[in-house]
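Undergrad: The structure under discussion is supplied below as structure tokens; questions concerning it will follow.
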Amino acid sequence: MANRYASLFYGNDTDKQPAPEPSKRTAPYRLLLVDDEPNILASLRRVFQRENYELLFARSGAEALKILEKQPVELIMTDFMMPGMNGSELLREVRERWPQTIRIMLTGHANTDAVMGSIKDGAVYRFILKPWNDDDIRLTIALALEQYELMQRNRSLEQQTQKQGRDLETISKLTATNRSQLAILLHKKGWLNPQQIQQLHREMQSQKTPVVRQLLKHDWVDFTKVFELLRDEMLFEEVDLREFQPDPSLLSLIPQKICTRQLVLPLRVSGQRLRLAMVDPMDINLIDELGFMTGYTIHPLLCETSQMQNKLAEIFGDTNDLDDITTKVGSDDPYEGIEIVLDEDADQESLEQLLGSSEEPPAIRLVNAIILEALRLGASDIHVHPRTKSLVVRYRIDGVLQDKIHIPTNLLMSVVSRIKVMAELDITERRRPQDGRITVKTPMRIVDLRISTLPTINGEKVVMRVLERQSSAQSLEDLGLSQHNLARLKHVIAKPQGIILATGPTGSGKTTTLYALLQHNASPERNYVTIEDPVEFHVDMAGQVPVKDRIGLDFASVLRAILRQDPDVILLGEIRDEETADVAFHAAMTGHLVYSTLHTSSAAATVARLLDLGLKPFVLASALEAIIAQRLVRRICTHCREETERPTEVLEQLGPQFLSEDLRFYRGRGCEKCHKGYKGRVAIHEVLTMNEELRIAITEGASAMQIETLAREKGMMVLLDDALEKLRDGLTTADEILRLLGPQVLHG
């Protein structure tokens, strides 16, 4: 079952024979340990004495090669400095003659530069420094052997994948190069005109799709009438799939991708005849090709389109986006294209905990596919959400969650365990929430994933926040600020000291705004330092410090250390507690320009939140220079934008200023370049800048409402005002503003 669902992602659909399952290893892994010092070999024997490995030992490179000629090994670990042939030369020879063997170097600190050269040319999988930690070396060997096993399984799947690719290509060409008998019949009945027939043929040629799929897309004909025509006039035998349960053993006869693409389903085998449910039983070429593939004579049975779609969804799950995953990720094992970077300074868990059920290849393949698909779609968050009947993978794209992939619930534990191993979390703890981090390398990108697990009644839910490691900071002009707000901000950041806060919910673009402020008019004459968890943007001119709570390196302690580094401008990732707030505001009062973020709903509410954290009113009034509250609304796709009718009901909920007669409204029709009419996001802001009246009001303990009223009198535009400007410019929709800011006026 696990293999069948793993094939949903990688095109490894089962053909007539089930997927080749690698033989379960009965013999232990064979390790060859090479070192010219007997005491090192004795220590290594002690390290692995409890492991189920067959150990071979050699005192030199030449002796190791003789052993390899007699019996190949799965892994070789060698010292670097040896008489005669050194470790690098030995491993290069092993790579040439036994490329499948995993190669590890054991070396002292003085030889790391020489070893790095071997790593770069591919001779060494990784190296281990002397003196080693026993648990570390056992874990490294175990993970290396897991990589070896993955490579073997990948090779065993390649031949099957190539054959299935040829089968799919044959059928794809077949459906595109033959005019459909069904389309011709519908033309004769007058249900399709000549122009529609020609368009169908062109689309079948260019998109390699069967005629049924194209007819469903265009909605030119009523498929209920088509079903009645084929049943009553063409006299095809019908089958009711609602009362029929397919034989599970037959699902391996025809690959799932062909079933969902061609809308067919194998039902029963009687002798040499295969009873096949079809929406289009007039597709003689498809029947012949499937007969050739399966070795059976096909007996076509007519079924209703809706029944077929429901039955395929019931058997295989939601497959709407699986073709995309296959084409984008490709048939290669994604493990080759994605690398998990573990924090080598961290304390490692025990070997038994780390490996567990996560060694199952389906878990590795599914998790890697989930991450790669999120990167392809530009998702900001990945939700692995266990529900009652399935495990759903949801992506937050442009701020909105979308269900994308359905996985059977029996894979939940192995998928969650795999994510926990990658994030170095405790895989035995399922009752408490855990937090971790993964750094993922693909051939083109490096991203950080913040991991959060949460126990629910259906199992552990995992949320991964995607943070681009190589993102470039935007300029102040690119943030979507109105001219009014841009002028106010430029005035504030020209000041040499004080604190500027960006506020809003998680994922509202606060850090992006701060980096734009940091880089505006940046000068080599000033010392810039950032403190973040983790570092989201890399800026060469700044000294950037990552927070590591597990070793006591929190925001407050790092900030205190930075104040002794003679900074001019400090970017503090987040004010989370009273201690951090106190240090940040006192730094702003003593001649530093400080940028930071806070989670509040509006600019005026930020003042109340800071007072709640324990700041004295006079400290807050003296140090604070500006507050930027912001949200991100989805931007209308520029490729399919069109004018639309006035959404009166929505506008009434937003307030009277949205009912102006001169407003024009737009929407995205939806195209291949966007998500349901939206592409990207644009920020709406409110910028509160301090003046003498506001400082006095804060010192005297004014409420958030009083502060907002006073700020608006001095020219502040609130979020709703800026949203109206974005609506007037045709950048977003009234529905999107209502979704983000909520109803402002109660009707009825």
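The values are calculated or read from the model by the stated rules, or taken from the named source; none is laboratory data. What you see is a predicted model; the values in this text were computed from it and never measured. Positions of Cβ are generated from backbone atoms using ideal geometry, with glycine treated the same way; all protein chains shown enter the neighbour counts. These accessible areas exclude ligands, DNA and RNA; they are computed on the full protein's heavy atoms, side chains included. Shrake-Rupley method; radii C 1.70, N 1.55, O 1.52, S 1.80 Å.
Undergrad: Could you count how many residues in the stretch 522-540 are more than 17 Å from Val594 (Cβ to Cβ) and open to solvent by 50 Å² or more (accessible area, probe 1.4 Å)? Break it down stepwise before answering.
TA: Start the filter on the stretch 522-540 by keeping residues that are more than 17 Å from Val594 (Cβ to Cβ), which leaves 523-525, 534-538, 540.
Then keep just the ones that are open to solvent by 50 Å² or more (accessible area, probe 1.4 Å); that gives 524-525, 538, 540.
Counting residues in the stretch 522-540 that are more than 17 Å from Val594 (Cβ to Cβ) and open to solvent by 50 Å² or more (accessible area, probe 1.4 Å) gives 4.
Undergrad: Please identify the pairs in which a residue from the stretch 79-108 that is farther than 23 Å from Glu149 by Cα has its Cβ atom under 6 Å from the Cβ atom of a residue that is buried (at least 22 other Cβ atoms within 10 Å of the Cβ) and among the charged types (D, E, K, R), counting only partners at least 6 apart or on another chain.
TA: As it stands, the answer is Asp79/Asp35; Gly87/Asp79, since those pairs meet every condition given.
Here is a yes/no grid of residues against (1) within 20 Å of Arg387 (Cβ to Cβ); (2) surrounded by fewer than 18 Cβ atoms within 10 Å (Cβ to Cβ); (3) modelled with pLDDT under 85; (4) not hydroxyl-bearing (Ser, Thr, Tyr):
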| site | (1), (2), (3), (4) |
| --- | --- |
| Val415 | yes, no, no, yes |
| Thr456 | yes, yes, no, no |
| Val463 | yes, yes, no, yes |
| Leu467 | no, no, yes, yes |
| Arg488 | no, no, no, yes |
| His491 | no, yes, no, yes |
| Gly504 | no, no, no, yes |
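Undergrad: Taking the residues in the stretch 183-196 that are surrounded by fewer than 17 Cβ atoms within 10 Å (Cβ to Cβ) and part of a helix (DSSP H, G or I) as candidates, determine which candidate is nearest to the chain's Cα centre (by Cα).
TA: Ranking the qualifying residues of the stretch 183-196, first place goes to Gln195.
Undergrad: Which residue pairs have Cβ atoms closer than 6 Å, lie 6 or more positions apart in sequence or on different chains, and pair a first residue in the stretch 519-530 that is part of a helix (DSSP H, G or I) with a second residue that is of a type in the set (Gly, Ala, Ser)?
TA: Gln519/Ala473
Undergrad: Of everything in the stretch 238-260, what is open to solvent by 10 Å² or more (accessible area, probe 1.4 Å), in the same structural domain as Leu276 (by the TED database) and either at pLDDT 80 or above or in contact with a Ser or Thr (Cβ under 6 Å, 6 or more places away or on another chain) (or both)? Give them in sequence order.
TA: Passing the criteria: Ser252, Leu253, Thr260.
Undergrad: Could you grab me the full set of residues in the stretch 585-632 that are farther than 14 Å from Glu686 by Cα, open to solvent by less than 10 Å² (accessible area, probe 1.4 Å) and outside any helix (DSSP H, G or I)?
TA: The answer is Leu593, Val594, Tyr595, Ser596, Thr597, Leu598, Leu624.
Undergrad: Identify, please: which residue in the stretch 480-506 is in contact with a His (Cβ under 8 Å, 6 or more places away or on another chain) and polar (S, T, N, Q) and is, among those, farthest from Thr590 (Cα to Cα)?
TA: The extreme case among them is Ser482.
Undergrad: Spot the failing condition for Tyr125; the list is (1) at pLDDT 75 or above; (2) closer than 15 Å to Leu32 by Cβ, and only one is missed.
TA: Every condition holds for Tyr125 apart from (1).
Undergrad: Of all residues in the stretch 711-744, count the ones that are open to solvent by less than 40 Å² (accessible area, probe 1.4 Å) and free of Cβ contacts under 8 Å to residues at least 24 places away in the same chain.
TA: Residues meeting the conditions: 1.
Undergrad: Any residue in the stretch 99-108 that is modelled with pLDDT under 80, open to solvent by 50 Å² or more (accessible area, probe 1.4 Å) and not in a loop (DSSP other than H, G, I, E, B)?
TA: no
Undergrad: Further question on the same structure: Residues that are more than 31 Å from the chain's Cα centre (by Cα), farther than 30 Å from Val619 by Cα and not polar (S, T, N, Q): list the helices (runs of 4 or more DSSP H) wholly contained in the stretch 636-748 that include at least 2 such residues.
TA: Here the list reads 648-654, 719-728.
Undergrad: Does the stretch 633-653 contain any residue that is in contact with a helix residue (DSSP H, G or I) (Cβ under 8 Å, 6 or more places away or on another chain) and under 30 Å from Gly498 (Cα atoms)?
TA: yes
Undergrad: Also, I was wondering about something else. Could you identify the single residue in Leu553, Leu559 that is touching a Ser or Thr at 6+ places or on another chain (Cβ under 9 Å) and among the aliphatic types (A, V, I, L, M)? Full working, then the answer.
TA: Working: Leu553 fails: touching a Ser or Thr at 6+ places or on another chain (Cβ under 9 Å).
Answer to the check: Leu559.
Undergrad: Further question on the same structure: Being touching a helix residue (DSSP H, G or I) at 6+ places or on another chain (Cβ under 8 Å), among the small types (Gly, Ala, Ser) and more than 16 Å from Leu738 (Cβ to Cβ) is true for just one of Gly701, Gly668. Which residue is that? Don't jump to the end; show me each part of the working.
TA: Working: Gly668 fails: touching a helix residue (DSSP H, G or I) at 6+ places or on another chain (Cβ under 8 Å).
The conditions single out Gly701.
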